[in-house]
Structures are given as C-alpha cells and as structure tokens.
Amino acid sequence: QVRLAESGGSLVQAGGSLSLSCTASGRTSAMGWFRRAPGKEREFVASIDANGESTFYADSVRGRFTISRDNAKNTLTLQMNSLKPGDTAVYYCAASAAYGAIILHDFYYDYWGQGTQVTVSS
C-alpha cells in the first residue's frame, strides 16, 4: 500500500501561481492530478506516465498547468500559472500501482491522497 500526501494548497489571487506537491511513500507508476470544485464532480486535471516522458492535460488547464515528477524522490508536482477563480477546488494526487501509461479516468488509479485546498480569489 502506497500513501500519497499533497501539500502546497493556498489562497491566491487570480492571475497568480501556485505549486502543488505530492509525496509518495513508495514507488508508483502513472500518476495524475484531479480536482473537485464545490458542488461538482471530481474531474481530471493532468496525468504523467511512469517515466515522466509523456503528459496530458484537461482542456481547461492546458497551457497554464504543468505536471512533472521526480522518481528518485517519489514526488509529483503540479505547477499552476495564470490561476482563475474557476480553478478553486480541492486538488487530489492519484497513482497507479502498475499501469505505466497516462491515465485519464479516476477508476484506474489505485492510490489517492487526502487532497489540498486551492482557492483563487477574483
């Protein structure tokens, strides 16, 4: 069992930047970020493959967010720029135990963090 712990959530003004981190207690394969806004379903944000060579983003964040990983440190990062009030949500880190390619659907992730709150004020 791998545990995931997110950090970095905060209150930021629109147009600002924030970096979220996720630390895994062990090795993982593909990883991703999801978010849940108040009153909405959890949605996909970004995913990265096991080697960190391929990434994929939701249309709503493409060009503003960057996902990356450091396998030597078992960490996942989400750099968020040009933040908008619509980005306000609890952000969750997710990881697959064995599937190495990019994963878009939350069903296929094995491990989840507790979430970190990001609030973007207008």
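The values are calculated or read from the model by the stated rules, or taken from the named source; none is laboratory data. Keep in mind it's a predicted model, so treat the numbers as computed, not measured. Quick reminder, even Gly has a Cβ in these numbers, built from the backbone with ideal geometry, and neighbours come from all protein chains shown. We work out accessible area using only protein heavy atoms, side chains counted, and drop any ligands, DNA or RNA first. Shrake-Rupley method; radii C 1.70, N 1.55, O 1.52, S 1.80 Å.
Out of all the residues in the stretch 27-34, is one or more in contact with a helix residue (DSSP H, G or I) (Cβ under 8 Å, 6 or more places away or on another chain), closer than 14 Å to V118 by Cα and crowded, with 16+ Cβ neighbours inside 10 Å? Yes - at least one qualifying residue is present in the stretch 27-34.
Report whether or not R69 is farther than 19 Å from A101 by Cα, of a type in the set (K, R) and surrounded by 14 or more Cβ atoms within 10 Å (Cβ to Cβ). Here the answer is no, as R69 does not meet what is asked.
Within the stretch 35-66, restricting attention to residues that are under 12 Å from I102 (Cα atoms) and surrounded by fewer than 14 Cβ atoms within 10 Å (Cβ to Cβ), the residue that is nearest to the chain's Cα centre (by Cα) is S54.
Residues that are basic (K, R) and open to solvent by less than 20 Å² (accessible area, probe 1.4 Å) are absent from the stretch 83-95 altogether. Is there a residue in the stretch 91-102 that is touching a residue at least 60 places away in the same chain (Cβ under 8 Å), within 14 Å of A50 (Cβ to Cβ) and among the aromatic types (F, W, Y)? Yes, the stretch 91-102 contains at least one residue that is touching a residue at least 60 places away in the same chain (Cβ under 8 Å), within 14 Å of A50 (Cβ to Cβ) and among the aromatic types (F, W, Y). Counting only strands (runs of 3 or more DSSP E) wholly contained in the stretch 2-46, the ones carrying 3 or more residues that are among the hydroxyl-bearing types (S, T, Y) occupy 18-24. The number of residues in the stretch 67-115 that are of a type outside the set (F, W, Y) and in contact with a helix residue (DSSP H, G or I) (Cβ under 9 Å, 6 or more places away or on another chain) comes to 3. Looking only at residues of the stretch 105-118 that are surrounded by 14 or more Cβ atoms within 10 Å (Cβ to Cβ) and under 13 Å from the mean Cα position of the chain (by Cα), we find that the one that is farthest from A24 (Cα to Cα) is V118.
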